[in-house]
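The values are calculated or read from the model by the stated rules, or taken from the named source; none is laboratory data. Everything numeric here is computed off the predicted structure, so don't read it as measured data. Reconstructed Cβ throughout: ideal geometry from the backbone, glycine too, with neighbour counts over all protein chains shown. To get the accessible areas, we keep the full protein, side chains included, count just its heavy atoms, and leave off ligands, DNA and RNA. Shrake-Rupley method; radii C 1.70, N 1.55, O 1.52, S 1.80 Å.
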Amino acid sequence: MYQQLLNQCTKANATLVAVSKTKPISAIETLYDVGQRHFGENRVQELVEKYEALPKDIKWHLIGHLQKNKVKYIASFVHLIHSVDSVGLLNTINKEASKNNRVIDVLIQVKIAQEDTKYGLTADEAMEMIRMNTDQPDLNPNVKIVGLMGMATFTDDQTQVREEFKRLISLQDTCAKELNMSLQEISMGMSGDYELALSEGSTMVRVGSLLFGSR
Ligand SMILES: *Cc1c(COP(=O)(O)O)cnc(C)c1O
């Protein structure tokens, strides 16, 4: 499965993030040994434990909801935070990145699903946050907004999922036109919908169960 998935991502110019949450170190090592370097986790404590136990050239992605008071534990090493959904969190990431003398790349999580989800900003809120960041570059010099992240509704209705992915791409277009801000990364697509996501322009798929088995 891994090689097939990797080939699909390579062909689409997308990064494969292997979502290893709840899976043991040994499962990560198996993929590491065949060359996989991008791994995603959704809990800070688990991410820190795995970071400490594994080779340091792994690029760690934080993909789940992040509490402000936990940013400090990952600020020194995290590669990309996919789930920024408030100005407060953005400010905290900036502060902790600054303490570590680095710039942390982040994605803004946008609510694209029809179903009621707890996390993510509306398209308008996301635009507002990106606008603030481009208008006042001195405000958060140690964070860089590099793209958008979204999760489609968990449904078999391909038409609906496609519509939801299109919303994220359209927001990327709007940012380019209205804010003159080019956001490179679009993190969308999971085990059930990654092919659709790639065909709609995803640059980063987050795949767990398809690679590691069900949780
Ligand atoms: C768990 C998780 C994934 C991976 O889900 P699978 O269906 O196992 O591929 C992707 N993104 C986020 C935010 C997750 O929490």
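So which residues in region 163-182 are open to solvent by 10 Å² or more (accessible area, probe 1.4 Å) and touching a Gly at 6+ places or on another chain (Cβ under 7 Å), if there are any at all?
Ile169
Among the residues that make up region 57-79, is at least one of them among the hydrophobic types (A, V, I, L, M, F, W, C), part of a helix (DSSP H, G or I), modelled with pLDDT of 95 or more and open to solvent by 30 Å² or more (accessible area, probe 1.4 Å)?
There is no residue in region 57-79 that is among the hydrophobic types (A, V, I, L, M, F, W, C), part of a helix (DSSP H, G or I), modelled with pLDDT of 95 or more and open to solvent by 30 Å² or more (accessible area, probe 1.4 Å).
Which number in (1) touching a residue at least 24 places away in the same chain (Cβ under 8 Å); (2) under 21 Å from Ser98 (Cβ atoms) marks the one condition that Ile25 misses?
For Ile25, the failing item is (2).
Those residues that are within 16 Å of the ligand (Cβ to nearest atom) and either open to solvent by less than 70 Å² (accessible area, probe 1.4 Å) or modelled with pLDDT of 95 or more (or both), I need them from region 116-157; list them, please.
Thr117, Gly120, Leu121, Gly147, Leu148, Met149, Gly150, Met151, Ala152, Thr153, Thr155
If a residue must be surrounded by fewer than 13 Cβ atoms within 10 Å (Cβ to Cβ) and either among the hydrophobic types (A, V, I, L, M, F, W, C) or under 23 Å from Gly64 (Cβ atoms) (or both), how many such residues does region 1-24 contain?
Residues meeting the conditions: 2.
Six or more apart or on different chains, Cβ under 6 Å: which pairs go from a residue in region 193-215 that's more than 20 Å from Gln3 (Cβ to Cβ) to one that's within 10 Å of the ligand (Cβ to nearest atom)? Could you list them?
Qualifying pairs under 6 Å: Arg215/Thr22.
Tally the residues that are in contact with a helix residue (DSSP H, G or I) (Cβ under 7 Å, 6 or more places away or on another chain) and in a strand (DSSP E or B), restricting the search to region 16-46.
Total meeting the criteria: 4.
Go through region 186-215 residue by residue and tally those that are more than 14 Å from the ligand (Cβ to nearest atom) and either crowded, with 16+ Cβ neighbours inside 10 Å or within 18 Å of Lys21 (Cα to Cα) (or both).
The qualifying residues number 3.
With respect to Gln160, determine if the residue is away from the ligand (no atom under 13 Å from the Cβ), open to solvent by 50 Å² or more (accessible area, probe 1.4 Å) and out of contact with any Leu (no Cβ under 9 Å at 6 or more places or on another chain).
No: the conditions fail for Gln160.
Identify, please: which residue in region 80-90 is under 23 Å from Gln184 (Cβ atoms) and outside any strand (DSSP E or B) and is, among those, farthest from the ligand (Cβ to nearest atom)?
Among residues in region 80-90 that are under 23 Å from Gln184 (Cβ atoms) and outside any strand (DSSP E or B), the one farthest from the ligand (Cβ to nearest atom) is Val87.
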